[in-house]
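Colleague: Submitted below is the structure of interest, expressed as structure tokens.
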Amino acid sequence: MVQSNEPLTFARELEASCHQYLPIAAGASVIAWLPYVWLDAQVHPELPVLPWIRAGFTLVAVIVLLCWRFTTVSRRLLVAVQAGYLLLATGVVTGLVGADPIYIGGYCMVLCLAPVPPLPRAWTWGLLVGSLLLFAAFGSNVSFPAGRGAYSRNDLQTGALLSFLFVFLIDRMRRRSWEQAVEIGRQKQLIEADHAHIDRLLHNILPPTIAAELKLRGVVEPQLHPDATVVFTDFAGFTGLAERMPPSDLVALLHRCFSAFDRVMERHGLEKLKTIGDAYMFASGLPQPSPGHAVTAVRAAIEIRDWMDALALERTAAGLPTWQVRIGVHTGPLVAGVVGEKKFVYDVWGDTVNVASRMESSGAPGEVNVSATTASRVEACFTLEPRGQVLAKNKGMMEMFFVRGALAAGPPEA
């Protein structure tokens, strides 16, 4: 199949086939035809025009070869010129020599080879008819006597009949081959589109590097990340509000909030892990290590808090119910990997995850609550309000800080 951005057509396919066929056919014609120039002069010296006809075809083949190399003339047209000269000249030569049995054999061979050039069926049939008419015109006085002459007549009739049949069969084969190639190309495009769609879905679920490993190996090895930051968000008052709101409004509001959070993840290059009800969980510093992961995570948390504050003002002004967000952040080691066989989930485990969850539940509506570990990583970039020791469920007393905002200028985390 020819490769192009243009619409696929059978005519263009023939043009591409002619481009491949033409130099071989023209070169072979020059080599094969030249000996007959001398042979005609020996066999029929009374017809000096025969060598000139043979030499003319050789010249045509050379010109065609040069046109193929140095011009943009249609390759189908060049093939038609070469094939036409071969058929027409052979018909004339065979008629001039009075249907000499030796020449009849060559003529039959040329007729049977006529279907080989990748030309439109109508063109080839036209050339065949023209060749036979020229043979009849220049051999109008030819009579096929009994004996060897009868074989010559039968050979010519059989060769002509077969040539027309071969044109039909080869053209039909080419068309079927082209149609199959077009269908294969269409199916390939559909498969590639499906693969691209699957890849997009997979990348929406898994980080790109994890998705690539899963496609390559079928499994993903769990990874220990010695240093990463985990963030939990949760909506204060969600349960009570959910009981009063129509389900469609509740889901639409959740969708709006989480879509905004997703955009924050994309801007900062963070990894959204999952949503559970009204909780949203993401991480920084994985699957690829990032030296500034804690600062990046807190910046994203502040953006989420500020966006939720703006949403609350908008809905309050419109007389609509709203909620505030609690955000908890903690930094430490964790294990990350993919679980599931059909519905893949990229998840994280470890005490860091538990502590981050406690930072959220021990926080306050409209606040970003960070652990002492995270605070030590981000104190050069953000204003922190110490909360002292706060009781965390199943963790005892833990030191916590509220993030009030970013400093006017501060160095990135080392």
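The values are calculated or read from the model by the stated rules, or taken from the named source; none is laboratory data. Owing to the predicted nature of the structure, the values given are computational and were not obtained by experimental measurement. Every residue, glycine among them, receives a Cβ derived from its backbone with ideal geometry; neighbour counts consider all protein chains shown.
Colleague: Given 41, 25, 55, which one is under 15 Å from residue 117 (Cβ atoms), assigned by TED's automatic domain parsing to the domain that holds residue 185 and modelled with pLDDT of 85 or more?
Modeller: 25
Colleague: Do we have residue 94 as among the polar types (S, T, N, Q) and farther than 13 Å from residue 166 by Cα here? Outline the logic, then answer.
Modeller: Details: among the polar types (S, T, N, Q): yes; farther than 13 Å from residue 166 by Cα: yes.
Against the criterion (among the polar types (S, T, N, Q) and farther than 13 Å from residue 166 by Cα), residue 94 qualifies.
For every residue, the table says whether it meets (1) within 23 Å of residue 357 (Cβ to Cβ); (2) surrounded by fewer than 20 Cβ atoms within 10 Å (Cβ to Cβ); (3) modelled with pLDDT of 90 or more; (4) small (Gly, Ala, Ser).
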| position | (1), (2), (3), (4) |
| --- | --- |
| 244 | no, yes, no, no |
| 256 | no, yes, yes, no |
| 263 | no, yes, yes, no |
| 266 | no, yes, yes, no |
| 288 | no, yes, no, no |
| 298 | yes, no, yes, no |
| 302 | yes, yes, yes, no |
| 322 | no, yes, no, no |
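Colleague: Which of the residues that make up the stretch 115-142 are buried (at least 17 other Cβ atoms within 10 Å of the Cβ) and of a type in the set (A, V, I, L, M, F, W, C)?
Modeller: Looking only at the stretch 115-142, we keep the residues that are buried (at least 17 other Cβ atoms within 10 Å of the Cβ), and these are 115, 117-119, 123-125, 127-128, 131-132, 134-135, 138-139, 142.
119, 123, 125, 127, 128, 132, 134, 135, 138, 142 - these are the residues of the stretch 115-142 that are buried (at least 17 other Cβ atoms within 10 Å of the Cβ) and of a type in the set (A, V, I, L, M, F, W, C).
Colleague: While we're looking at this one, here's another question. Of the residues 84, 56, 95, only one is surrounded by fewer than 19 Cβ atoms within 10 Å (Cβ to Cβ) and without any contact (Cβ under 8 Å) to a residue 60 or more places away in the chain; which?
Modeller: 56
Colleague: Still on this structure, I have one more. Search the stretch 180-198 for residues being among the hydrophobic types (A, V, I, L, M, F, W, C) and surrounded by 11 or more Cβ atoms within 10 Å (Cβ to Cβ), and hand back the single one that is nearest to residue 9 (Cα to Cα). Talk me through it step by step, then tell me what you get.
Modeller: As a first pass, look at the stretch 180-198 and keep what is among the hydrophobic types (A, V, I, L, M, F, W, C): 181-182, 184, 190-191, 193, 196, 198.
Checking the rest, the ones that are also surrounded by 11 or more Cβ atoms within 10 Å (Cβ to Cβ) come to 181-182, 184, 198.
Details: 181: 11, 182: 9, 184: 14, 198: 31 Å.
Per the stated criteria, the residue is 182.
Here is a yes/no grid of residues against (1) in the same structural domain as residue 272 (by TED's automatic domain parsing); (2) touching a Gly at 6+ places or on another chain (Cβ under 7 Å); (3) polar (S, T, N, Q):
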residue: 292; (1), (2), (3): yes, no, no
residue: 296; (1), (2), (3): yes, no, yes
residue: 315; (1), (2), (3): yes, no, no
residue: 328; (1), (2), (3): yes, yes, no
residue: 332; (1), (2), (3): yes, no, no
residue: 346; (1), (2), (3): yes, no, no
residue: 360; (1), (2), (3): yes, yes, no
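Colleague: Kindly check whether there is at least one residue in the stretch 133-143 that is at positive phi and without any contact (Cβ under 8 Å) to a residue 60 or more places away in the chain.
Modeller: no
Colleague: Run down 320, 313, 334 and say which single residue is outside any helix (DSSP H, G or I) and free of Cβ contacts under 8 Å to residues at least 40 places away in the same chain.
Modeller: Numbers: 313 fails: outside any helix (DSSP H, G or I); 334 fails: free of Cβ contacts under 8 Å to residues at least 40 places away in the same chain.
Unique residue meeting the criteria: 320.
Colleague: Can you name the condition, by its number, that residue 234 falls short on among (1) closer than 30 Å to residue 291 by Cα; (2) under 37 Å from the mean Cα position of the chain (by Cα)?
Modeller: (2) is the only condition that residue 234 fails.
Colleague: Quick check on my filter: what residues within the stretch 359-399 are part of a strand (DSSP E or B) and touching a Ser or Thr at 6+ places or on another chain (Cβ under 8 Å)?
Modeller: 369, 371, 390, 391, 392, 398, 399
Colleague: Now for a separate question. Out of all the residues in the stretch 226-242, which are under 13 Å from residue 277 (Cβ atoms) and touching a Ser or Thr at 6+ places or on another chain (Cβ under 6 Å)?
Modeller: Residue satisfying the conditions is 232 alone.
Colleague: Only one of (1) more than 22 Å from residue 27 (Cα to Cα); (2) aliphatic (A, V, I, L, M); (3) part of a helix (DSSP H, G or I) fails for residue 99. Which number is that?
Modeller: Going through (1) more than 22 Å from residue 27 (Cα to Cα); (2) aliphatic (A, V, I, L, M); (3) part of a helix (DSSP H, G or I) one by one, residue 99 breaks only (3).
Colleague: Let me ask something else. Would you confirm whether any residue within the stretch 69-76 is surrounded by 18 or more Cβ atoms within 10 Å (Cβ to Cβ) and at pLDDT 90 or above?
Modeller: Within the stretch 69-76, one or more residues are surrounded by 18 or more Cβ atoms within 10 Å (Cβ to Cβ) and at pLDDT 90 or above.
Colleague: Would you pick out the residues in the stretch 160-189 that are within 21 Å of residue 112 (Cα to Cα) and among the charged types (D, E, K, R)?
Modeller: 171, 172, 174, 175, listed by residue number.
Colleague: So which of 222, 226, 145, 207 ends up being surrounded by fewer than 17 Cβ atoms within 10 Å (Cβ to Cβ), farther than 28 Å from residue 89 by Cβ and at pLDDT below 90? Don't jump to the end; show me each part of the working.
Modeller: On the way: 226 fails: at pLDDT below 90; 145 fails: farther than 28 Å from residue 89 by Cβ; 207 fails: surrounded by fewer than 17 Cβ atoms within 10 Å (Cβ to Cβ).
Only one candidate qualifies: 222.
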